[in-house]
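For reference, the structure discussed in these notes is given below.
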Amino acid sequence: MKTKIYPAIDIIGGKCVRLSQGNYDAKTVYNDDPLKVAIEFWGNGAEYIHIVDLDAAKNPLDSNRKIISDIIKNTDLKVQTGGGIRTDKDVEDLLALGADRLIIGSTAVSSPESVQSWGNQYGWDHIVIGADVNQNKIATHGWKHITDIEIFDFITSYLKFGAKNFLITEISKDGMMSGSARILYEKLLLDFPGIGIVASGGVHDHQEVDYLTNLAVESIIIGKALYEGKIQLSSILAK
C-alpha cells in the first residue's frame with residue numbers, strides 16, 4: 001500500500017500554529033485561518049489532512065471542533081484528528097461530523113478498556129493509537145507526564161485488542177526540523193512486521209519523506225517543513 005501523506009494543521013485559539021517539542025510557550029502562528037490552509041493543501045493535491053486541536057488537548061471544553069467541521073464540509077479531505085478525545089461522546093460526535101480517523105493518545109494510556117470498545121464498535125480503521133515517546137517511554141497529557149510504560153509493551157497490548165495503526169512521535173524530534181525517529185521506526189517495524197506506523201515529528205525535507213516511504217510506514221505527517229517551504233506538497237504528491 002502506498003504511504004499516505006498528511007499535511008498537518010495544529011490549532012490554538014482558532015489559528016494555525018506549530019509547536020516545538022510540544023511546548024505551548026514555543027508556538028509560531030502561521031495563519032489565522034485553518035480552513036484556508038486546508039483548502040490550499042487540498043488544491044495542491046492532498047487527499048488527507050492531520051488536524052490537532054491543541055486547545056482541546058489541554059481542556060476538552062475549549063475545543064476548535066467547529067473549524068474541524070468546516071474543513072470536513074468544505075473539502076473532500078479525509079480528516080485524521082486528535083486532541084482531547086476522551087469520552088464515548090467525543091468519539092461519536094467526531095465520527096458523526098465526518099472525521100475519517102481519530103487519534104487517541106492520553107486516553108489510550110489511562111483507559112485502554114474504553115479505547116478497545118471504540119475500536120470494536122467503530123472499527124480499528126477509524127481509531128489510531130497515539131504514542132508520544134521520550135527515551136522509549138510513553139508520555140501523556142501534552143507530553144508533560146512521562147510514564148513507566150515502554151513503547152514496545154504498549155504496542156503489544158493494543159495489537160492484542162486489534163489495533164492496526166499507531167501514530168508515533170519521538171518528542172525530541174517534533175518541530176525541530178532535524179529528521180524523524182528513524183531508529184525507533186526501524187526497530188518497531190522489525191519487531192512488529194505489518195504494523196501501521198504513522199510517522200510524525202522531524203520530517204524536514206524531501207529526502208526524509210523518501211526514506212520513510214521506502215521504509216513503508218503507513219503514513220507521514222508533515223507540518224513545519226510545509227509552512228517554512230522546506231517541502232513542496234505538490235511535488236511529493238506527484239511521485
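Remarks
- Qualifying residue in region 3-11 (condition: in contact with a Gly (Cβ under 6 Å, 6 or more places away or on another chain), charged (D, E, K, R) and crowded, with 18+ Cβ neighbours inside 10 Å): no
- When region 199-229 is filtered for residues that are polar (S, T, N, Q) and either assigned to a loop (DSSP other than H, G, I, E, B) or surrounded by 22 or more Cβ atoms within 10 Å (Cβ to Cβ) (or both), the ones remaining, listed by number, are Ser200, Ser219.
- In region 1-86, counting only strands (runs of 3 or more DSSP E) that sit wholly within it, the ones holding 3 or more residues that are hydrophobic (A, V, I, L, M, F, W, C) span 4-12, 15-20, 48-53.
- Check on Asn165, surrounded by 14 or more Cβ atoms within 10 Å (Cβ to Cβ), at pLDDT 95 or above and of a type in the set (S, T, N, Q): yes
- Among (1) in a helix (DSSP H, G or I); (2) loosely packed, with under 13 Cβ neighbours inside 10 Å; (3) at pLDDT below 95, the one test that Gly194 misses: (1)
- Cβ-Cβ contacts under 6 Å between residues 6 or more apart (or on different chains), taken from a first residue in region 147-169 that is touching a residue at least 40 places away in the same chain (Cβ under 8 Å) to a second residue that is part of a helix (DSSP H, G or I), are listed as Phe161/Gln116; Gly162/Gly119.
- Residues (part of a helix (DSSP H, G or I) and surrounded by fewer than 15 Cβ atoms within 10 Å (Cβ to Cβ)) located in region 230-239: Ser234, Ser235, Leu237
- Every residue from region 95-106 that is at pLDDT 95 or above and either within 22 Å of Gly196 (Cα to Cα) or not in a helix (DSSP H, G or I) (or both): Leu95, Gly98, Ala99, Asp100, Arg101, Leu102, Ile103, Ile104
- Scan region 59-98 for residues that are crowded, with 18+ Cβ neighbours inside 10 Å and on the phi > 0 side of the Ramachandran plot and the total you get is 2.
- Some residue of region 32-45 being more than 19 Å from Gly14 (Cβ to Cβ) and in contact with a Phe, Trp or Tyr (Cβ under 9 Å, 6 or more places away or on another chain): no
- Summed over region 107-133, the residues that are surrounded by fewer than 17 Cβ atoms within 10 Å (Cβ to Cβ), free of Cβ contacts under 8 Å to residues at least 40 places away in the same chain, not in a loop (DSSP other than H, G, I, E, B) and not aromatic (Phe, Trp, Tyr) give a count of 5.
The values are calculated or read from the model by the stated rules, or taken from the named source; none is laboratory data. No experiment lies behind these values; they were computed from the predicted model shown. A quick note on method: Cβ atoms are made from the backbone with ideal geometry, for glycine too, and the neighbour counts reach across all protein chains shown.
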